[in-house]
Amino acid sequence: MAIASWLFLAPLIMCWSTSFAITSEQSTLLALKSHIIKGNSHHILAQNWSETASICTWMGVTCASPPDRVTALNISNMELTATLPSLLGNLSSLVSLDLSNNNFYGDLPEDLSNLPRLRALNLYNNSFTGFIPLSFFNLSNLQTLIVASNLLRGNIPQQIGNLSNLKEFYGGVNRFSGSIPTGIGRLRMLQYLYLGSNMLQGPIPEEISTLENLQEIGLSNNSLSGPIPVGMFNISTLRIISMIMNNLSGTLPSTMGHNLPNLEYLSLYMNNLSGRIPDSISNSTKLFQITLQRNKLSGSIPHSLGNLKLLDCLHLFGNQLTNDAPDQDLTFLTSLTNCPKLRDLIVSYNPLRGRLPPSIGNFSTSLRRLYISGCMLIGEIPDHIGNLTDLNNLDLTDNDLSGFVPTTIRGMLRLQGLSLSKNKLQGPLPDNLCDMPELSHLKLGQTLISGPIPNCIGNVTSLRMLHLNSNRLNSTLPWSIWSLKDLLELDLSSNSLIGNLSQQIEDMKVATYINLSKNGFTSTIPDAYGSMNNLMIFSLASNELQGSIPQSLGKMISLVSLDLSDNALSGEIPRALENLQFLTYFNVSFNKLCGEIPSGGPFKNFSYSLFASNEGLCSALDFPCVDRCKNKKKKNGRRIRFVVIVSVTVGALLITSFSVLSWTTRRRRRRASELPSSHDIKVMERFSYQELKQATDDFSEGNLLGSGSFASVYLANFDDGIHFAVKVFDLVREYGCRSFERECYMLSKLRHRNLTKVISACSNHDFKALLLEYMQNGSLEDWLYCDGLFLDIMQRINVMIDVASALEYLHHGCVKPVIHCDLKPSNVLLDKDMVGHITDFGITKLLGEEDSVVHTQTLATLGYMAPEYGNEGVVSSACDVYSYGILLMETFTRKQPTDDMFGGELSLRSWIDAMLPNAVNQIVDSTLMREEEEHYTEKMQCVSSIFALAMACTVQSPKDRMNMKYVLTALEKIKLRIISTLGSIEGC
Ligand SMILES: *[C@@H]1O[C@H](CO)[C@@H](O)[C@H](O)[C@H]1NC(C)=O
Ligand SMILES: *[C@@H]1O[C@H](CO)[C@@H](O)[C@H](O)[C@H]1NC(C)=O
């Protein structure tokens, strides 16, 4: 009876349990859906995961059929923000779970370990915190475990060894601590092991040697110590060994290459490894990159390296490597000429002591960088160097090379960087340097070079850095030098240059460093120098300059250091210099200056010695050794009168100049209409509705680029292959019309390289459209949030500088300040060269002369809106500065201010504020900087200063916010700092 009824019930039970399973799986997924707070693709799930459809048709869900059970769930790359519901543990047939590249946060639910069939778990790049639950290590079918780029902490437990089927374990970029457990040796199937950028310490366990299937091991950027287990060099499957930036010590085994036939990458730089580089390294014949720099390796560089036919990059700098025979030819270089693919050879800063052999000319044409600086090289540079016709960078700085710079360098037409400073080279500067079309860094300082600076130097328009300091140059300064319009650094100090400093410098605008000190220049300081408003360090010290310090130097707003000491300058120190906000060093000692030392601005902080030995300087402050200004009372009285007179005069002047201004503008406009340029004709050309309709394929969906509150933008293709963007305004909404008119008006008036240009307009009573420049790279929003799009740190900085320049122009470069009012990532467009342009002037405000603020109805976008704008509708340029600050934060965190993570007490701003300055790594966009990345710390510092700047842009009180001039300057400085870091030589 019991059996009979069981038999009878069995189909029912099965039936019931199947249908229950589906409902339960459905409710599990619905629970997951309800956990999702938001995300760019949130609405997709909201629509697609519909209760009326079978879950097996849902996006990202894969079922095994029959029976219909969920076997795979892939909702990666959807920018979803959510915690994970424990219910997920109910999807008991799940084989693969992929949540990568989202913003899941909170702890990993213990219940995930109820998924006995799970083979692949991918949680890459989320914000999970806490420990990995121990029960996870019972998932014995797991083959792929990817938890990299989260905020997980704690030890990696011994139980990891229970995952006996594990093939891939990616745990990098988390906060795991403790040592690597010996249990890892039980993962016999393991092929990929990555634990870089954690806080792991202690030795690498010997047990790692038993991982006989291991192909890639990455343990970089931890605090691991002790030797690399010798047995690891017997894992013949290894392709990649990367353990950079640890404290590993000991030697490389002499047989290291015998059992590593598959090794391609050997990266062990920045450790404490000692001993020789084994000859056997070249038995790993597939080696592609060897980076062993910054260790304590000694002995000679093995000749056997010449057998590596695939070698691309060899970095050995910063060790104790020597030459076989001291003071003889560096024969290892001869061996390396046999590597047909060698591209990057850096052996600088080793005590090599030797000569460059003529065979140096035999390197393969693939060689791009050859750096042998600081190696005690002796002898001459062989003529054969000129055979390296494809070399981009040659650095032989800081050696004892003598003789002339070979004339054969004229053959090196691809040279971009030539650094021969700090040698005993003599003779004149070779003329043929002027014929190098790509030369950007020329460094020939601290040698014995003599004679003139050739006038042809002005032809080398590719130059960015020209260092000829501390030589015996004795000509006048060729005026052509000032036409190097992209030059960033010019150092001609400590030579015997004479004559005038040219007035003619209108081209050199981007320079940040100019040092002309310790020469024999005799002229006055040209007024024109004031236009170099990017210059940060400027020295004219120890010359014979006369005349007064020009007022115009007060316009060099980026100046940090100005040294005019030891000249024959006379007159007063211009008070205009008080405007130099960033000035931290100012030296005018040993001149013939007189009058009162300014006491405002940066002058409050200068030490008296910087004013010493002048004819009649006095100070209102109490400087020792500088006279106190006499007749203080009288002077004050005089000054008051002076102020009154000045303000009256200035007022009068203003009135006059204003009428002059409007007269000239009117006149100019009239002139323009009399003689329109071809450009203007093009701008005025009108397009008909029919033409636009045709070009946009009847305003089709396919051509829709985007839509906003008042308008939609379409791509228009004209017959001649030209693309424009057409912005069609929605006239049903009252604002659409106003918005059109405002934007038309604004854009026709404003011209700046970082504002979108209006090409034409089409307007009749029921259709209004603007024809705009088409930005083929879409918006900053796309680049931050779309799959497959990525901007690196320099690109992000550049775009933000573009936006800042546009704002600076709007706020300070127009007759009346223009306030954009709606700055956000979707309003920043990128052209084909990735140059940023601000667009959408629909709610722009124009401030009249008298009002620096206006009151208005709020239309701006939440999250980017300054508090005073949101609360009171007060608009001033400070509103844009606030939005810009938020934009900066978003660009570098890849978190929207409206992210659901924020709300209540926590805002994007307060979140960042809480993490500054020490925990920036927790807030920076995790895709921006990766494990094993070069200059990780420096880049972090750079981002940290960007966040600090963003903080200053977003302070509560509008009057305490920075203005765009300072923001732009500050950002450019940050950029320079990062350029100088990235320009160094760590990476292959
Ligand atoms: C290593 O390479 C050298 C030179 O190519 C060769 O003579 C030697 O037999 C190789 N050793 C092993 C163990 O493969
Ligand atoms: C290499 O340079 C030397 C010295 O300048 C020259 O004699 C030789 O012809 C050059 N070889 C080639 C292949 O250009």
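Brief remarks on what is shown
- Whichever residue in region 499-539 is part of a strand (DSSP E or B) and within 29 Å of the chain's Cα centre (by Cα) and, among such residues, is farthest from residue 558 (Cα to Cα): 515
- Of all residues in region 267-281 being within 16 Å of ligand 1 (Cβ to nearest atom) and crowded, with 22+ Cβ neighbours inside 10 Å, the one that is farthest from residue 212 (Cα to Cα): 277
- Here residue 596 fits the description: open to solvent by 10 Å² or more (accessible area, probe 1.4 Å), part of a strand (DSSP E or B) and touching a residue at least 24 places away in the same chain (Cβ under 8 Å).
- Scanning region 333-368 for residues that are open to solvent by less than 50 Å² (accessible area, probe 1.4 Å) and either within 16 Å of ligand 1 (Cβ to nearest atom) or of a type in the set (Asp, Glu) (or both) yields 335, 336, 339, 344.
- Among residues of region 204-244, those that are over 20 Å from residue 264 (Cβ atoms) and either part of a strand (DSSP E or B) or touching a Phe, Trp or Tyr at 6+ places or on another chain (Cβ under 8 Å) (or both), counted: 5
- Only one entry of 409, 453, 481, 457 meets the criterion of being closer than 22 Å to residue 503 by Cα and either in a loop (DSSP other than H, G, I, E, B) or within 16 Å of ligand 2 (Cβ to nearest atom) (or both), and that entry is 453.
- Count of region 412-426 residues, restricted to those that are touching an Asp or Glu at 6+ places or on another chain (Cβ under 8 Å) and within 16 Å of ligand 2 (Cβ to nearest atom), is 3.
- The number of residues in region 250-270 that are within 33 Å of the chain's Cα centre (by Cα) and either at pLDDT 95 or above or not in a loop (DSSP other than H, G, I, E, B) (or both) comes to 6.
- Residue within region 369-383 that is touching a helix residue (DSSP H, G or I) at 6+ places or on another chain (Cβ under 7 Å) and more than 23 Å from residue 472 (Cβ to Cβ) present: yes
- Condition check for residue 258: within 14 Å of ligand 1 (Cβ to nearest atom), more than 23 Å from residue 239 (Cβ to Cβ) and open to solvent by 10 Å² or more (accessible area, probe 1.4 Å): no
- Verdict on residue 162 being surrounded by fewer than 23 Cβ atoms within 10 Å (Cβ to Cβ), farther than 16 Å from residue 243 by Cβ, in contact with a Phe, Trp or Tyr (Cβ under 6 Å, 6 or more places away or on another chain) and modelled with pLDDT of 95 or more: yes
- When residues of region 424-442 are limited to those that are in a loop (DSSP other than H, G, I, E, B) and open to solvent by less than 10 Å² (accessible area, probe 1.4 Å), the one nearest to residue 491 (Cα to Cα): 439
- If you check 309, 296 for being touching a Gly at 6+ places or on another chain (Cβ under 9 Å), open to solvent by 10 Å² or more (accessible area, probe 1.4 Å) and either within 13 Å of ligand 1 (Cβ to nearest atom) or modelled with pLDDT of 95 or more (or both), only one passes: 296.
- Residue count for region 749-783, restricted to those that are of a type in the set (Lys, Arg), surrounded by fewer than 22 Cβ atoms within 10 Å (Cβ to Cβ) and over 35 Å from the mean Cα position of the chain (by Cα): 0.
- Filtering region 103-136 to residues that are assigned to a helix (DSSP H, G or I) and in contact with a Pro (Cβ under 7 Å, 6 or more places away or on another chain) leaves 110, 113, 134.
- Failed condition for residue 384, given (1) farther than 30 Å from residue 225 by Cα; (2) within 16 Å of ligand 1 (Cβ to nearest atom); (3) not hydroxyl-bearing (Ser, Thr, Tyr): (2)
- Among the residues of region 339-363, those identified as in a loop (DSSP other than H, G, I, E, B) and within 16 Å of ligand 2 (Cβ to nearest atom) are 340, 356, 357, 363.
- Neighbours by Cβ (under 6 Å, 6+ apart or cross-chain): first from region 957-969, open to solvent by less than 70 Å² (accessible area, probe 1.4 Å); second hydrophobic (A, V, I, L, M, F, W, C) and not in a helix (DSSP H, G or I): 961/955
The values are calculated or read from the model by the stated rules, or taken from the named source; none is laboratory data. Note that the coordinates shown come from a computational prediction; the quantities given were computed from them, not determined experimentally. So basically every Cβ, Gly included, is an ideal-geometry build from the backbone, and we count neighbours across all protein chains shown. The accessibility values were calculated without ligands, DNA or RNA, using every heavy atom of the protein model including side chains. Shrake-Rupley method; radii C 1.70, N 1.55, O 1.52, S 1.80 Å.
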